[in-house]
Structures are given as structure tokens and as C-alpha cells.
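Trainee: Can you read through this structure? Questions will come right after.
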């Protein structure tokens with residue numbers, strides 16, 4: 001039961017971009033479309049789960065003073081794997097995400113989970129935590145990207161949803177950086193409003 | 001003591017009679033000449049844009065205040081002013097959906113999310129306008145040459161600033177500064193009626209509702225920056241008078257930059273704010289991709305307002321400060 | 001109120017009264033109520049039933065000076081919590097018609113050959129207010145004699161300046177010698193030129209001050225005339241070096257020294273209704289306000305306001321039994337329709353309050369910080385310097401209770417300072 005909780009907490013209670021407000025840089029930058037959000041999210045799930053596992057397994061070996069450097073090395077390993085894999089098999093996604101895949105190395109979500117959770121808990125719990133947080137991160141990115149893509153371009157996962165008239169006069173403000181901030185802020189406000197009575 | 005039925009409160013027991021509505025209602029009054037000029041020029045289209053903007057701004061404010069559980073205060077007129085200022089910046093045949101989107105985002109995101117009147121760091125009208133401006137598929141509607149192509153009002157229907165951007169000051173021979181000042185130019189519904197806006201602005205200053213520092217320094221900033229550019233290359237850059245009588249400078253100086261909550265309140269802060277707004281306007285006109293830079297200049301400088309408000313007179317010390325009292329205590333302790 | 005509206009960033013012009021307002025004497029009240037600030041009933045040295053003389057010190061041995069202004073029998077000893085969180089000792093005295101005077105107050109005939117300390121001691125003994133810090137041993141470096149009234153609709157000093165300019169000259173010479181002040185400044189209203197010629201004192205500098213509020217407030221006078229802080233008593237000693245004395249008190253001192261009488265009669269300007277005529281009355285200190293109102297033939301309207309010490313920084317009473325004190329300058333009655341009501345709107349940041357603040361406070365920020373209890377920010381912004389002049393409230397379009405908020409901030413900041 002508690003193991004299950006480690007997984008589900010990432011889906012709402014500790015939803016990374018909204019609850020923890022971590023890793024906002026890629027959240028804002030790559031969510032121009034739902035596809036990009038999904039790609040980024042999957043990359044993060046992979047890196048987060050494996051780095052959590054490895055950090056947790058090595059948590060008694062790594063000296064405390066050099067732990068951040070060690071975590072970075074571990075994370076970077078998986079990031080390079082992801083980068084090479086996307087370059088080889090999903091080249092359009094690689095092109096779209098650009099610099100943000102290498103930047104997963106310094107993503108606060110991953111470093112934060114390694115520091116706050118994996119370095120204190122067992123391997124299995126850390127794996128579930130990584131999987132849960134990663135899934136939450138992916139869902140957030142897809143929702144944000146989907147919303148921005150739908151309003152800003154009239155498409156969803158590159159499928160044309162809105163009419164041609166809308167698409168030619170779409171509200172592309174949502175695809176710009178200010179639109180990303182406003183969209184994130186509004187979603188955050190709605191989420192807080194929904195969960196207001198239970199929190200505090 | 002015998003209890004009497006008396007009102008008890010702190011001072012002052014007199015009041016000057018000023019109300020929050022003084023600001024908004026007088027702004028509406030001051031803008032009537034500009035509105036009238038817009039209606040005369042562009043007819044019912046302009047009326048549609050103004051009506052849509054004002055109505056959607058007020059409805060958005062009322063709805064948002066209801067949702068947030070706050071008292072509905074649209075009667076203070078500030079939402080109407082925001083909507084009106086937005087409308088006056090737009091071309092007469094802006095599609096209604098654009099107007100609605102701009103004024104709703106301006107009011108909700110730009111104002112009520114920050115706490116409503118007095119707490120908004122940016123002017124709602126400017127936020128709404130900026131949202132439209134950076135939405136690429138809608139940019140054509142804001143390009144005055146394209147938007148007003150079907151109008152012929154008896155003067156050159158080229159947007160002066162677009163001409164300046166395209167062909168430098170040599171292309172401006174068709175424009176007569178006096179004519180431009182009288183409002184014979186294309187542009188926003190009300191913003192292009194330069195002389196009407198100036199009259200309204202002077203009325204606001206005379207009533208003490210707009211402090212004179214910001215408008216004066218705004219115009220001064222435009223003059224300084226354009227003179228500097230002119231010193232570098234008088235063939236490529238227009239003179240100060242041209243900059244003042246075109247585009248949004250006049251409405252920007254008197255109405256957009258002087259929004260109470262997004263402007264400094266201390267004298268030197270206002271001077272710096274006005275000068276920077278004016279200079280950034282000219283810089284944006286010269287170097288940015290947009291023909292006019294007034295709105296972005298005002299938005300940019302509004303972000304510096306908390307900093308500019310530090311330029312203030314220091315409080316006059318009429319009472320012992322904390323330091324003096326502490327020193328006394330130390331002395332007293334030492335002697336006893 | 002027929003006052004000019006605020007225009008631009010000019011401070012609002014709230015002019016002081018300049019015309020003549022003749023003084024009418026009021027009869028002795030049946031019962032006088034005396035207030036003693038920052039004292040408790042235990043500090044009073046007389047008991048109920050004791051008979052007291054005019055000028056008698058009612059304070060218990062060693063607790064200071066609390067002078068009776070009437071002759072009669074003590075009826076009541078009580079305490080009162082003032083609106084400013086200060087405790088007052090209250091003594092009610094049933095008066096008798098003929099005064100008998102306390103023997104410790106004597107006239108001084110030969111002022112020139114009497115030691116300054118002796119003159120000063122006699123002035124303080126005669127009950128003039130404002131000398132607390134001097135009693136505690138502070139030295140007066142600058143003496144400011146103010147011929148300005150503190151508030152609009154007040155004609156106390158204006159009338160004294162018209163009537164008794166010669167006594168003012170004598171008083172300045174006497175008081176500057178008694179206090180040993182290095183610098184003496186006489187502040188007179190800019191528009192009363194003829195009185196300036198009447199005042200001729202060698203060692204004093206005569207300064208014309210624009211006769212608009214708040215230029216007559218002691219803090220502003222002390223600051224504007226190049227002097228330092230006002231002499232005040234703090235919990236651990238005295239602060240400041242400037243003493244401000246109104247000319248009403250000054251001519252009172254002259255009479256006191258000539259005739260050997262304590263300071264018991266006070267001129268009070270009364271205004272029964274807005275726009276109505278002013279009336280100066282001479283009352284015994286301790287007279288209830290209701291007597292002044294009866295003299296004016298004014299009924300207190302239910303829901304109205306009874307304001308003592310002027311419409312700007314005066315205080316609203318909750319009862320017409322409130323007695324006159326040595327510093328009560330005026331009484332004003334407002335009808336319910338004229339009463340200014342505060343509203344709970346948010347600050348719209350127009351900045352008028354900061355523009356009019358005579359001590360350059362950022363009132364807009366202070367009001368908000370005080371409202372939300374962020375008092376360390378209030379301390380940073382110098383909240384303790386607020387002189388509670390009320391101008392910010394006067395100009396505020398959102399009608400916020402700014403003076404209330406600032407006074408609260410000042411109180412908290414002061415308490416915290418003392419605790420540290």
C-alpha cells in the first residue's frame with residue numbers, strides 16, 4: 001500500500017511543475033506542442049527512474065561531500081543514452097527538443113528527487129518514486145502542451161482539430177513565451193482552487 | 001460620564017471630497033474629444049470597437065470579481081477606462097474577437113490576478129494590446145496600412161511610422177507636422193487624434209488627476225532620444241517633432257504611462273520614469289521590428305516602478321529614531 | 001467645507017483663521033473635571049471629601065505636578081483609558097464661587113534680578129504644559145514662540161496676537177532668559193504684518209510663516225525653523241532640544257508672574273456648525289464641553305461629531321462631559337451629514353498622501369503594511385515620524401483610515417523599539 005503511494009503521490013500531491021514548481025525551464029520551453037511535451041516527458045521518466053535506482057543503490061557508497069557531483073555523473077549517463085536513442089530513432093523529436101534533452105542533466109526535478117528521496121530510500125521505493133514523479137511530469141507537460149497547441153495552433157498531436165479558418169487566425173500568443181507563463185499560472189491557480197479545502 | 005450618541009473616529013474630520021471615481025470618470029470625459037474624432041473619421045466601425053472593448057472589459061471584471069468572491073466594483077469605472085484606452089489604440093476595423101480577447105486578458109491576467117485596482121503592476125490596456133501585438137496571425141489587423149486600406153479620408157493614408165521604418169526620414173516629405181498634429185493621419189481610433197488627446201491630457205493635469213511630471217518628461221525623453229539619433233544621421237532618423245505628433249506618443253504620455261498603479265508616485269521617480277519611457281519609445285521605433293514602441297516602453301518601465309519609487313525624499317525626522325533611543329538606553333545603563 | 005480641492009501635487013491649502021474673534025468669559029462650572037495624563041488614581045495625593053485650593057498640587061509627594069484649577073471639594077477620583085492607550089487619572093471637584101489661591105505660587109516683581117532657575121520653576125509650578133522634559137533636566141537650546149494656531153477654525157493665538165502684542169514682547173524676553181535658550185525664534189503668520197511691528201525683541205528672530213495647515217504644528221515649526229527635535233520625554237530620559245510655546249501660554253506666563261496667579265483660564269474657540277461664526281470663550285480648565293455648547297446654544301445632533309482641537313488632527317469625543325484641558329484650543333460640532341466616513345476600499349496608489357505628507361513619509365506603502373501587520377517594514381519606512389496631521393486622510397480618494405493605520409504602526413514600532 002505504501003509502495004503504491006510512492007507512485008501515486010507524483011500524480012497529484014507532488015506533481016512536479018505545479019506542486020513542487022520544479023523544472024520549469026523545460027516545462028515552459030518545450031510545451032509548444034503536445035508531442036514535444038510527451039517526448040520530453042518520456043525522456044524524463046527514463047532518466048528519473050534509472051537515476052533514482054542507481055543513486056539509491058549507491059547511496060551508502062557515495063560520500064556526502066561529493067554527492068551532487070556523483071548524482072550529476074549518474075544522471076548525465078542516462079541523459080546521453082536518451083539523447084543518442086532519440087537521435088537514432090526519433091529524429092524529429094530530437095530536432096524539436098534541441099538543447100533541452102542535454103539540459104535534463106541539470107533539471108531540478110531529477111536532481112531534487114535524487115537528493116530528497118533516492119538518497120534516503122530503498123531501490124524499489126526509489127524506482128516507483130521516479131516512475132510516479134516522471135509520469136506526473138509527463139502528464140503535466142502533455143496537458144500544458146496540448147492546451148497551448150490547441151489554442152495557439154488549432155491542432156493536437158499535430159492532428160488538425162479546429163477548422164481551417166481558426167487555424168489560419170489562431171491565437172498564437174499561447175505558443176509564445178508569455179503565453180506559456182500565463183497558461184502555467186492559470187493551471188496552477190485552478191489546481192490550487194480545486195485542492196484548496198484539503199490543503200493547508 | 002453620560003453617554004451621548006456621537007460618532008467617534010480618528011482624524012482628519014474633514015475630507016477634500018476626492019473619490020476613486022474622479023480619476024476614471026474624468027479620464028472618460030477627457031477622452032471624449034478623441035472618441036468623437038474617431039467616430040467622425042471611421043464611423044460605426046470605430047463605435048463597434050469602442051463598445052466591444054469597454055463592454056467586455058467591464059463584464060470580464062464583474063465576472064472575475066464574482067468568481068474570486070470579491071465585491072463587484074465595476075462602478076468605479078477603472079475597467080471602462082482600460083477598455084476605452086485599449087480601443088483607442090486599435091484600428092477602426094479590428095475584428096470583435098480580437099478586441100474581446102485583448103480586453104478580457106488585460107483585465108483578468110493584467111489586473112485582477114494581481115489584486116485589482118491599485119495592485120496591478122502593468123496597465124491592463126497595455127497588457128491587452130501587447131497580447132494582440134505578439135500574436136503573429138493577427139498582426140495584419142494591427143498594421144494600420146493593411147487594416148485601413150479601404151478608407152480614404154482625404155489625407156495620406158500611409159501610417160507615418162511605417163513610412164519612417166521603410167524609407168527613413170527622406171520618405172516623410174509628404175507629411176506636414178502641423179497636419180499630423182491636427183490628427184490628419186492614420187492610426188488608432190483615438191490615438192491618432194493628437195490635438196484632442198493633448199487637450200484631454202491638459203484637462204487631466206489641470207484637474208490634478210494626472211501629475212505633470214510623467215507626461216512632460218515622457219515628451220522630453222522622446223525629444224532627447226530623437227535629437228541624439230538625429231545627431232548621428234539626420235537623413236535616416238526623423239526629428240523630435242515628427243516623433244511627438246505621430247503614433248501613440250501623445251496618448252502614451254498623458255494616459256497610458258500615467259496609470260496610477262503602474263507608475264511611480266514620487267517626483268524624481270516619475271521624472272526618471274517619464275524620461276526612460278520617452279527614450280525607449282524612440283529606441284524601439286528605430287531598432288525594433290514594430291513601427292511604434294510606446295506600449296512596450298511603458299510596459300517595460302512599469303516593471304521598474306518599485307525600483308523607481310525608491311527615488312524619494314527621505315522622511316523628515318521629527319521623533320527620536322530607534323538608534324537614538326538605543327543610544328540613550330546604553331548611556332543610561334553605563335551611568336547607572 | 002468650502003476648502004479648495006486638491007490640485008496637482010500642490011498641498012491642499014487649509015488656511016488658518018486670521019480675523020479678530022472677541023473673547024467672552026464663561027462662568028465657573030458647578031463641577032470641574034481634571035485630567036492627569038500617564039498617571040493612575042494612586043498618584044493623586046488628595047482623597048474624596050478633601051477641600052482643595054486653586055493652584056494646589058494634587059499629586060502625591062514626589063510624583064510630579066497635577067495642579068487644581070478650581071477651589072472646592074474633591075468628589076471623585078477615577079481613572080480613564082484614553083483612545084491613545086494612555087491612562088489618565090481623573091479628579092472631579094465640586095467648585096465654590098470664590099477662589100482661594102495656593103500660597104506656593106507668587107508673583108515675581110523684579111524679573112531682571114531674579115535667577116532664571118527661579119523664574120522657570122515658578123512658570124512650571126503655575127501649571128503651564130509642555131515643560132515635562134525641562135523638569136527632567138533637559139536643556140532648551142532653541143525656543144520657538146508660535147503665534148500660529150495649530151488648526152483651522154481656531155482663533156486663540158490669532159486673537160492673543162491682536163490683543164496683547166506688548167505682553168508677547170515682555171514674555172519673549174522673560175522666557176528666553178528663564179530657559180537659557182541659545183536661539184529664540186518668533187513664528188508669526190505671514191498675513192498679520194501689523195503685529196510684527198508691535199513685537200520688538202532684541203535677541204529673538206522673527207520669522208513669517210505661511211498661515212496654512214500644518215505649518216503651525218509644533219513638530220513642523222521645530223523642523224522648519226532650523227532647530228532639531230522637539231523636547232519630549234521618553235521612558236528612559238529626554239530627547240530633543242527645541243521647546244515650542246504658543247503665545248497664549250506666553251502671555252499667560254507674563255500675567256502669572258505679575259499677579260502671582262496659576263494658569264487656570266484657557267481661551268477656546270468654538271464653532272457650533274460648519275460655516276458658522278467662530279466664538280472665543282474664556283473657560284476655567286476642567287469645564288465640561290457641554291457648558292461651551294450651551295453658551296453657543298448648540299444641541300449635539302445624534303450621530304454627529306464633537307471634535308476637540310480642530311478638524312484635522314483633533315480628536316472626536318464620545319461624551320460632552322469631556323473637560324477642557326490646558327491644551328484644548330477649539331471645539332467643533334459636526335452634523336451627521338458632514339461626518340466623514342471611512343471606506344474599506346483598497347489603496348489605488350494615486351500617491352496624493354505621499355505628496356502632501358509634511359514629513360515625507362510614503363503613506364501609501366505604510367498604510368498597506370500596517371493594514372497587513374508587516375510592522376518591520378513600517379519601521380524601515382520611518383513610521384515613528386508620523387505627526388498625525390491628518391492630511392493624508394484629507395486627500396485620500398479611496399477614503400482609507402490612513403491616520404488610524406499609521407498611528408497603529410507607530411504605536412507598534414515604538415513598543416518594539418522599547419522592548420529591544
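The values are calculated or read from the model by the stated rules, or taken from the named source; none is laboratory data. Bear in mind that the values here come from a model prediction, so they are computed numbers and not experimental data. FYI the Cβ positions are ideal-geometry reconstructions off the backbone, even for glycines, and counts take in every protein chain you see.
Trainee: Yes or no: the range C:379-395 includes at least one residue that is buried (at least 20 other Cβ atoms within 10 Å of the Cβ) and in contact with a strand residue (DSSP E or B) (Cβ under 9 Å, 6 or more places away or on another chain).
Mentor: No: zero hits.
Trainee: Which of the residues spanning the range C:297-328 are surrounded by 18 or more Cβ atoms within 10 Å (Cβ to Cβ) and away from chain B (no Cβ under 14 Å)?
Mentor: If the condition is that a residue be surrounded by 18 or more Cβ atoms within 10 Å (Cβ to Cβ) and away from chain B (no Cβ under 14 Å), then C:324, C:325, C:326, C:328 are the ones that fit.
Trainee: Just one of B:267, B:319 is within 14 Å of chain C (Cβ to nearest Cβ), in contact with a strand residue (DSSP E or B) (Cβ under 8 Å, 6 or more places away or on another chain) and either under 30 Å from residue C:358 (Cβ atoms) or touching a residue at least 12 places away in the same chain (Cβ under 8 Å) (or both); which is it?
Mentor: Details: B:267 fails: in contact with a strand residue (DSSP E or B) (Cβ under 8 Å, 6 or more places away or on another chain).
Checking each option against the conditions leaves just B:319.
Trainee: Do you know which residues across the range C:329-340 are facing chain B (nearest Cβ under 9 Å) and not in a loop (DSSP other than H, G, I, E, B)?
Mentor: In the first step, residues of the range C:329-340 are kept if they are facing chain B (nearest Cβ under 9 Å); the result is C:332, C:334, C:336, C:338-340.
Correct list: C:332, C:334, C:336, C:338.
Trainee: Further, regarding this structure: Looking only at helices (runs of 4 or more DSSP H) that fall completely inside the range A:104-200, which ones have 1 or more residues that are more than 30 Å from residue A:67 (Cβ to Cβ), within 15 Å of the chain's Cα centre (by Cα) and modelled with pLDDT of 90 or more? Spell out how you get there, then give the answer.
Mentor: Values: elements: A:108-113, A:123-153, A:164-168, A:177-194.
Result: A:123-153, A:177-194.
Trainee: In addition: Take the residues in the range B:134-187 that are part of a loop (DSSP other than H, G, I, E, B) and either in contact with a strand residue (DSSP E or B) (Cβ under 7 Å, 6 or more places away or on another chain) or closer than 15 Å to residue B:248 by Cα (or both); name whichever of them is farthest from the other protein chains (Cβ to nearest Cβ).
Mentor: B:184
Trainee: What's the number of the condition residue C:411 fails, among (1) more than 7 Å from chain B (Cβ to nearest Cβ); (2) at pLDDT 90 or above?
Mentor: Answer for residue C:411: the failing condition is (2).
Trainee: So if I check each of B:235, B:191, which one is farther than 26 Å from residue B:40 by Cα and either part of a helix (DSSP H, G or I) or touching a residue at least 60 places away in the same chain (Cβ under 8 Å) (or both)?
Mentor: Working: B:191 fails: farther than 26 Å from residue B:40 by Cα.
Matching residue, one of B:235, B:191: B:235.
Trainee: If the requirement is being in a helix (DSSP H, G or I) and within 14 Å of another protein chain (Cβ to nearest Cβ), which of these qualifies: B:214, B:223? Please lay out each step first, then the result.
Mentor: Values: B:223 fails: within 14 Å of another protein chain (Cβ to nearest Cβ).
None of the other options fit; the residue is B:214.
Trainee: So, one more: Regarding residue C:347, is this residue buried (at least 23 other Cβ atoms within 10 Å of the Cβ), part of a loop (DSSP other than H, G, I, E, B) and either in contact with a helix residue (DSSP H, G or I) (Cβ under 8 Å, 6 or more places away or on another chain) or facing chain B (nearest Cβ under 7 Å) (or both)? Walk me through how you get there before you give the answer.
Mentor: On the way: buried (at least 23 other Cβ atoms within 10 Å of the Cβ): yes; part of a loop (DSSP other than H, G, I, E, B): yes; either in contact with a helix residue (DSSP H, G or I) (Cβ under 8 Å, 6 or more places away or on another chain) or facing chain B (nearest Cβ under 7 Å) (or both): yes.
Yes; evaluated as a whole, the condition is true for this residue.
Trainee: Considering the range A:153-181 alone, what residues qualify as being free of Cβ contacts under 8 Å to residues at least 12 places away in the same chain and more than 10 Å from chain B (Cβ to nearest Cβ)?
Mentor: Matches in the range A:153-181: A:159, A:160, A:161, A:163, A:164, A:165.
Trainee: Next question, about the same structure. When you check residue A:95 against the structure, is it touching a strand residue (DSSP E or B) at 6+ places or on another chain (Cβ under 7 Å), closer than 19 Å to residue A:38 by Cα and in a helix (DSSP H, G or I), yes or no?
Mentor: Values: touching a strand residue (DSSP E or B) at 6+ places or on another chain (Cβ under 7 Å): no; closer than 19 Å to residue A:38 by Cα: yes; in a helix (DSSP H, G or I): yes.
No; evaluated as a whole, the condition is false for this residue.
Trainee: I'd like the full set of residues that are within 7 Å of chain B (Cβ to nearest Cβ), under 19 Å from the mean Cα position of the chain (by Cα) and assigned to a loop (DSSP other than H, G, I, E, B), limited to the range C:389-404.
Mentor: Of everything in the range C:389-404, just one residue is within 7 Å of chain B (Cβ to nearest Cβ), under 19 Å from the mean Cα position of the chain (by Cα) and assigned to a loop (DSSP other than H, G, I, E, B), namely C:390.
Trainee: Check whether at least one residue in the range B:297-313 is within 16 Å of residue C:228 (Cα to Cα), surrounded by 22 or more Cβ atoms within 10 Å (Cβ to Cβ) and either at pLDDT 80 or above or more than 17 Å from the chain's Cα centre (by Cα) (or both), and report yes or no. Let's see the steps before the verdict.
Mentor: In the first step, residues of the range B:297-313 are kept if they are within 16 Å of residue C:228 (Cα to Cα); the result is none.
Among the residues of the range B:297-313, not one is within 16 Å of residue C:228 (Cα to Cα), surrounded by 22 or more Cβ atoms within 10 Å (Cβ to Cβ) and either at pLDDT 80 or above or more than 17 Å from the chain's Cα centre (by Cα) (or both), which makes the answer no.
Trainee: Another one. Could you list all residues from the range B:1-49 that are part of a loop (DSSP other than H, G, I, E, B) and more than 7 Å from every other protein chain (Cβ to nearest Cβ)?
Mentor: First, pick out the residues of the range B:1-49 that are part of a loop (DSSP other than H, G, I, E, B): B:1-19, B:31, B:43.
Answer for the range B:1-49, where residues must be part of a loop (DSSP other than H, G, I, E, B) and more than 7 Å from every other protein chain (Cβ to nearest Cβ): B:31, B:43.
Trainee: I've got another one for you. Being out of contact with any helix residue (DSSP H, G or I) (no Cβ under 7 Å at 6 or more places or on another chain), more than 19 Å from residue B:318 (Cα to Cα) and at pLDDT 80 or above is the filter here, so list the residues in the range C:184-207 that pass it. Don't jump to the end; show me each part of the working.
Mentor: Filtering the range C:184-207 down to residues out of contact with any helix residue (DSSP H, G or I) (no Cβ under 7 Å at 6 or more places or on another chain) leaves C:185, C:189-191, C:193-194, C:196-197, C:202, C:205, C:207.
From what's left, more than 19 Å from residue B:318 (Cα to Cα): C:189-191, C:193-194, C:196-197, C:202, C:205, C:207.
Correct list: C:189, C:190, C:191, C:205, C:207.
Trainee: Which one is farthest from the chain's Cα centre (by Cα) among residues in the range C:6-65 that are surrounded by 13 or more Cβ atoms within 10 Å (Cβ to Cβ) and free of Cβ contacts under 8 Å to residues at least 24 places away in the same chain?
Mentor: Checked the range C:6-65; the qualifying residue farthest from the chain's Cα centre (by Cα) is C:8.
Here is a yes/no grid of residues against (1) in a loop (DSSP other than H, G, I, E, B); (2) under 17 Å from residue B:187 (Cβ atoms); (3) touching a residue at least 60 places away in the same chain (Cβ under 8 Å):
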position	(1), (2), (3)
B:82	no, no, no
B:88	no, yes, yes
B:93	yes, yes, no
B:101	no, no, no
B:113	no, no, no
B:119	yes, no, yes
B:132	no, yes, no
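The rows are residues; the columns are (1) outside any loop (DSSP other than H, G, I, E, B); (2) at pLDDT below 85; (3) surrounded by fewer than 16 Cβ atoms within 10 Å (Cβ to Cβ); (4) in contact with a strand residue (DSSP E or B) (Cβ under 7 Å, 6 or more places away or on another chain).
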| residue | (1), (2), (3), (4) |
| --- | --- |
| C:78 | yes, no, yes, yes |
| C:93 | yes, no, no, yes |
| C:98 | no, no, yes, no |
| C:107 | no, yes, yes, no |
| C:112 | yes, yes, yes, no |
| C:138 | no, yes, no, yes |
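Trainee: While we're here: How many residues are over 21 Å from the mean Cα position of the chain (by Cα) and closer than 22 Å to residue C:16 by Cβ if we restrict to the range C:295-344?
Mentor: 3
Trainee: Moving to a separate point now. So is residue A:185 under 30 Å from residue B:99 (Cα atoms) and within 14 Å of chain B (Cβ to nearest Cβ) or not? Steps first, please.
Mentor: Values: under 30 Å from residue B:99 (Cα atoms): yes; within 14 Å of chain B (Cβ to nearest Cβ): yes.
Yes: the conditions hold for residue A:185.
The rows are residues; the columns are (1) buried (at least 17 other Cβ atoms within 10 Å of the Cβ); (2) more than 30 Å from residue C:312 (Cα to Cα).
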| position | (1), (2) |
| --- | --- |
| B:26 | yes, no |
| B:31 | yes, yes |
| B:43 | no, yes |
| B:51 | no, yes |
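Trainee: Assess whether residue C:87 counts as being surrounded by 14 or more Cβ atoms within 10 Å (Cβ to Cβ), in the same structural domain as residue C:33 (by TED's automatic domain parsing) and under 25 Å from residue C:387 (Cβ atoms). Before the answer, list the steps.
Mentor: Details: surrounded by 14 or more Cβ atoms within 10 Å (Cβ to Cβ): yes; in the same structural domain as residue C:33 (by TED's automatic domain parsing): yes; under 25 Å from residue C:387 (Cβ atoms): yes.
Spelling it out, residue C:87 is indeed surrounded by 14 or more Cβ atoms within 10 Å (Cβ to Cβ), in the same structural domain as residue C:33 (by TED's automatic domain parsing) and under 25 Å from residue C:387 (Cβ atoms).
Trainee: Yes or no: residue A:125 closer than 30 Å to residue A:60 by Cα and without any contact (Cβ under 8 Å) to a residue 60 or more places away in the chain?
Mentor: Considered against the rule, which asks whether it is closer than 30 Å to residue A:60 by Cα and without any contact (Cβ under 8 Å) to a residue 60 or more places away in the chain, residue A:125 comes out as no.
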